[in-house]
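Here the structure comes first, spelled out in structure tokens, and everything after it is commentary.
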């Protein structure tokens, strides 16, 4: 199964970073490729809750498989011959983390892992790895933008 992973520092403590991760309805305002984001079962995500997203022309419904606030969230989208699971792991920053500086003390390290499976998912990931990496990067950028908008100093 092809796996794509990206880790970056998100401004804010674990709770603030968690809030940015689960704020799927704000994705369209913070990510140019997102067209729609929704939580039809409510914002308190639990296993079995749905996440509705439209990225570019592709729309899908993903189901939460794990929710361990404020450290872990996973959701999975299934289709004919295809599945993709996105996992978000959060923890307080520590020395040695990618991009860490002393200014990041108290911030959160977010790691996003995307796993593709099924015959079609595997083929797509192998033929278009750049697109799969871009989806992970777009997701990370949207989350960081949401977190920054919350932690921004008033003008």
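No lab work stands behind these numbers, since they all come straight from the coordinates. Note that the structure is a prediction, hence the values are computed from the model and not measured. Don't worry about glycine lacking a Cβ; one is built from the backbone with ideal geometry, like all the others, and counts go over all protein chains shown.
A few points about this structure:
- Ranked 23, 78, criterion: other C-beta atoms within 10 Å, fewest first: 78, 23
- The chain: angle of helix 118-127 to the longest principal axis, Cα-based, in degrees nearest 10: 70
- 0 to 90° range, to nearest 10: angle between helix 129-151 axis and the chain longest Cα axis: 30
- Distance cut-off 12 Å, percentage of C-alpha pairs in the range 21-78 lying past it: 63
- In the range 3-151, the C-alpha radius of gyration followed by the widest Cα-Cα span (Dmax) gives 14.9, 47 angstrom.
- Estimated 222 nm signal from helices in the chain, with DSSP H stretches of n ≥ 4 weighted -39500 (n - 2.57), rounded to 500: -9000 deg cm²/dmol
- Mean separation of Cα pairs under 8 Å and 6 or more residues apart, divided by the residue count, gives the range 1-111 a relative contact order of 28 percent.
- GNM flexibility winner over the chain from 12, 79, 37 (Cα, springs under 10 Å): 79
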